[in-house]
C-alpha cells in the first residue's frame with residue numbers, strides 16, 4: 001500500500017511537471033499536495049531515470065524573488081513519439097520529443113480514400129520510417145505512436161467501430177498496428193486529438209473547459225472538462241456530427257436520418273448542389289466544393305441557399321451544445337474553416353439567438369485555422385500521454 | 001502553505017467519509033493518498049469538533065478480517081439542514097441531519113403558480129418553521145437551506161436568470177432569501193438537485209457518470225461526470241429542455257422556437273390538444289392533461305397523435321444526449337413519469353435506433369418515479385455540501 005502511494009505520488013508529480021512546462025520543487029509540493037521531502041525524493045528518482053532534468057536558474061525569477069531558483073522540466077530526448085492523422089486522402093506524420101517539441105514531419109498522398117485495415121500497417125510503417133529518418137531517427141527509436149481516425153472510436157480499447165476511411169467495421173486497429181509496427185500504438189477519434197492539440201499547443205492552453213468543433217469531410221467534436229478530454233462511458237462520446245437536427249431528415253452516411261453531418265458536411269453540400277449543377281465528373285470533391293463556394297460568392301442563389309441552410313443548421317447544432325455544456329470557449333478548428341459560410345456573422349449571430357438567454361455574456365467562439373500537421377501533433381500529444389504512463393509503470397517495476 | 005495543505009487534507013478526508021458513509025482510517029489513507037499519521041491527526045480533530053464519530057466495530061468485517069475494526073462516520077446531529085422544492089403549485093420541505101437522514105417533511109399548497117421574488121421570503125419562512133417544528137427543531141437550528149428552482153440558475157452566485165415560477169428575471173435569490181431567513185441558502189436548478197438526490201439517495205449511487213432527465217411542467221436535465229454535478233462555465237449548463245429539435249419550430253415559453261420543451265412539456269401538449277378539444281375552463285392543467293391521456297388510451301386518434309409526436313421528439317432529444325455524453329446510465333426521474341407515452345417501448349426503441357450504432361450495448365435507461373419529497377431531499381443534500389464547506393472553513397479558522 002505504501003508502494004501504491006509512492007506510485008500515485010510519482011504520477012502526480014510527473015504529470016504536474018508535464019502540464020507546467022517548467023516548475024520549481026516548492027510549487028510542485030503546493031500543487032500536488034505532497035510534502036516537500038517526498039517531492040525532493042520523487043524528483044531525484046525521475047532525474048536518475050532520465051525523464052526530467054533541472055534547467056538553469058530563471059533569471060527573471062532570481063531578480064524578482066532575490067534568490068536562485070532551479071526549475072524542473074521534462075527531458076526532451078528521453079523519449080520520441082509520432083502522431084499520425086489519416087485525413088481524406090493524406091497521411092500526415094509529426095515526430096515529437098518528450099517535451100512536445102516538433103522534431104520532423106512528413107506528408108504522404110494516398111491513392112485512395114477508403115482502405116481495408118490490412119492495408120494500413122504497411123502504409124503507416126512507410127510513413128513513420130520517412131518521418132523518423134527526417135528527424136535523424138529510426139522507427140525503433142519511437143516509444144509510441146498516436147493515431148487520429150475520424151468516425152466512432154473506442155479509445156480505451158483501440159477499436160474503430162466505424163470510420164469513413166475504413167472498409168470494415170469494428171476493427172481492433174490499435175492491436176493490429178501495434179503488432180505490425182512493433183511500437184505501442186494509441187488510437188482515438190481525430191476530433192478528440194484536435195482538442196488535445198488545442199489543449200497542449202493551441203487556443204485551449206490554460207482553459208479548463210472548452211469544446212473543439214471541426215468541419216471537414218465530416219463534423220467532429222472534442223470536449224475538455226476540468227482539463228481532461230471527456231470520452232464518455234464507452235469511450236465514444238462527443239458525437240456531434242450525428243446528433244439529429246431534424247426528425248426524419250436528410251439521409252446521412254452513417255445510415256440514419258437527420259444528422260447534422262447530413263446538412264453541413266462536404267458530401268451533404270455536394271449532394272444538394274448536384275441537383276441543379278452539372279459538375280465535371282473528373283473534379284475532386286474538394287474542387288467541386290470550391291466551385292460551389294465561388295458560385296455562392298458570385299451571386300448564384302441556389303448555391304447561396306445551400307450554404308445558408310447549412311449555416312443555420314450548424315448554428316442550431318452549436319447552440320444546442322452551448323445549452324448543454326455552457327462552455328467558456330468554443331474553438332472552431334481545422335483547415336476547411338476557410339469556407340467562411342459556417343462562421344459568417346449571420347451564423348454566429350444565429351447561435352447567440354438560439355442559446356438560452358441569460359444576463360451574462362455568451363461563450364467566446366474562436367476560429368482557428370490550422371492544417372493536418374496540428375491534427376498529427378494532437379495525436380503525438382496523446383502518444384506522449386501513453387508513453388508517460390508506460391514510463392511510470394517501468395519505474396514502479398524498478399522500485400518494487 | 002503548510003496550513004493550506006492541512007486544510008486541503010481535511011477537506012479530502014471529510015469528503016471521503018461523507019461519500020463512503022462508513023469507513024476505516026486505513027481505507028481513508030488509501031483513498032485520499034494521505035499518510036496514515038496525518039489521517040489519524042485529522043480525524044481526531046474532526047471528532048473533537050463533533051463533525052464525525054467512531055461507530056461500533058463492524059461485526060461482519062471482524063469475522064472476515066480477523067481483527068477489530070472501527071469505522072468513522074459523519075455525526076448526524078452535528079448539523080441540520082432543510083431542502084425545498086418549489087414545484088408548480090406546491091412547496092415541499094425536507095429536513096435532514098448531517099448524515100442525510102430524513103428528520104421531517106412538510107408540504108404546502110400554494111394559491112398561485114408564479115410569485116414575485118419578494119413574496120418568497122415570508123412563504124419559505126413559514127414552510128421552514130413548519131417543517132423544523134415537526135422535527136422538534138427551530139428554524140435557527142438549521143445550518144443551511146437548499147432550494148431547487150426550475151429554469152436557468154447560476155448556482156455559483158445564487159442568481160435565477162429565469163424561472164417559470166418567478167415573475168422577475170435575473171433575481172439574486174440566494175442573497176434575498178439569506179437575509180430574510182437568517183440562514184445560509186444554496187440555490188440551484190431543480191433538475192440538478194434531482195441528479196444530486198439520485199447520486200446520494202437513489203439510482204445513481206456508485207455510478208460515476210450518469211444523466212438524469214425530468215419531465216414535469218418543463219424538461220430538466222442534470223449531468224453527473226466523475227461523481228460530480230456538471231454545471232458548465234457560467235453555472236447554468238444542462239439546459240436540455242431548450243435544446244432545439246426543429247429549425248423555426250414550435251414557440252416555447254422561453255420566447256424561442258423549436259425547443260424540446262415546446263413539444264413535450266405539459267403546456268405544449270395542452271396547446272396542441274386545445275385545437276381540437278373543448279376543455280372545461282375550470283379544470284387545472286393537471287386535470288386537462290389527465291383527460292388527454294385517457295382520451296389517447298381510449299383510442300382518440302388526435303390525442304394519440306399528440307403523444308406520438310411528443311414521444312418521437314423526446315426520443316430524438318434523448319438520443320442526441322447519448323451521442324454527446326455516451327453515459328453509462330440515463331435515469332428518467334420524476335412524478336409525471338406516470339404518463340407512460342414518453343417511455344413507451346416504441347420511444348425507447350426509437351432512442352436506440354437514433355444513437356450512433358456501435359458494437360456495444362447502448363446505455364441503460366431506468367425509469368424512476370418519485371415525488372416532490374425526493375426533489376427536496378436533493379436540495380437538502382446540496383445544503384449539506386455547502387454546510388460541510390462552512391464547517392471546514394470554521395475549523396481552518398480555529399486552527400490558524
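No lab work stands behind these numbers, since they all come straight from the coordinates. Quantities reported herein were computed from a predicted structural model and do not represent experimental measurements. Cβ sites come from the backbone with ideal geometry, for glycine too, and all protein chains shown count toward neighbours.
Comparing A:284, A:92, A:43 in a Gaussian network model of chain A (Cα springs below 10 Å), the most mobile by mean-square fluctuation is A:284. Calculated mean residue ellipticity, 222 nm, chain B: -14000 deg cm²/dmol, from DSSP H runs (n ≥ 4) at -39500 (n - 2.57) each, averaged per residue and rounded to 500.
One Cα centroid belongs to segment B:108-141, the other to segment A:249-318; the line between them spans 57 Å. Remark: mean inter-chain Cβ contacts per residue of B:318-330 equal 6, using a 10 Å Cβ-Cβ cutoff to other protein chain atoms.
With a Förster radius of 60 Å applied to the beta-carbon distance between residue B:138 and residue A:308, the computed FRET efficiency rounds to 0.40.
In percent, how large is the relative contact order of chain B, given Cα pairs closer than 8 Å and 6 or more residues apart? Here the relative contact order equals 16 percent. Taking a ≥ b ≥ c as the square roots of the eigenvalues of the Cα gyration tensor, an a/c ratio of 1.5 or more together with a/b larger than b/c marks chain B as prolate.
Across peptide A:158-164, what mean number of C-beta atoms from other chains lies inside 10 Å of a residue's C-beta?
Mean shielding count: 2.
Once C-alpha pairs closer than 8 Å and six or more residues apart are averaged by separation and normalised to the residue number of segment A:158-286, the relative contact order reads 13 percent. For the pair residue A:123 and residue B:70, a Förster radius of 45 Å applied to the C-beta separation gives a FRET efficiency near 0.15, rounded to the nearest 0.05. With 0.36 nm allotted per residue and the present C-alpha distance subtracted, the residue A:44-residue A:251 stretch has 68.6 nm of extension available. Relative to the longest principal axis of the Cα atoms of chain B, the long axis of helix B:117-134 makes an angle of roughly 60 degrees.
Across segment B:164-317, Cα-Cα distances exceeding 22 Å account for 54% of all pairs. Cβ crowding within 10 Å, taken as a proxy for footprinting-reagent exposure, orders B:267, B:80 from fewest neighbours to most as B:267, B:80. Taking other C-beta atoms within 10 Å as the exposure proxy, B:382, B:161 rank B:161, B:382 from fewest upward.
The modelled label-to-label distance for the pair residue B:301/residue B:37, using points 7 Å beyond Cα in the direction of Cβ, is 8.3 nm. Choose one answer from A:226, A:280, A:170: the residue with the largest mean-square fluctuation in a GNM of chain A with alpha-carbon springs under 10 Å. Judging by the Gaussian network model, the answer is A:280. Placing R0 at 41 angstrom, the Cβ-Cβ distance between residue A:180 and residue A:99 gives a FRET efficiency of 0.90 after rounding to 0.05.
Across the identical copies, the label point of residue B:170 (7 Å from Cα in the Cβ direction) is separated from its matches by 5.5 nm, in order from shortest.
Restricting the calculation to alpha carbons of the protein assembly as shown gives Rg and Dmax of 28.6, 85 angstrom. Taking the DSSP beta bridges with both ends in the protein assembly as shown, the antiparallel portion is around 60 percent. Between A:177, A:260, A:12, the Gaussian network model of chain A with springs among Cα atoms under 10 angstrom shows the greatest mean-square fluctuation at A:12. Under the criterion of Cα pairs below 8 Å and six or more residues apart, the relative contact order for segment A:262-310 equals 42 percent.
From the Cα trace of segment B:195-264, what convex hull volume per residue do you get, rounded to a whole Å³?
98
Counting neighbouring Cβ atoms within 10 Å and putting the fewest first, the residues A:348, B:193 line up as A:348, B:193. Across segment A:187-202, no residue has a backbone nitrogen under 19 Å from the label position 7 Å along the beta-carbon direction of residue A:112.
Within 10 Å of the Cβ of each residue in A:243-250, the mean number of Cβ atoms contributed by other protein chains is 6. Taking the DSSP beta bridges with both ends in chain B, the antiparallel portion is around 60 percent.
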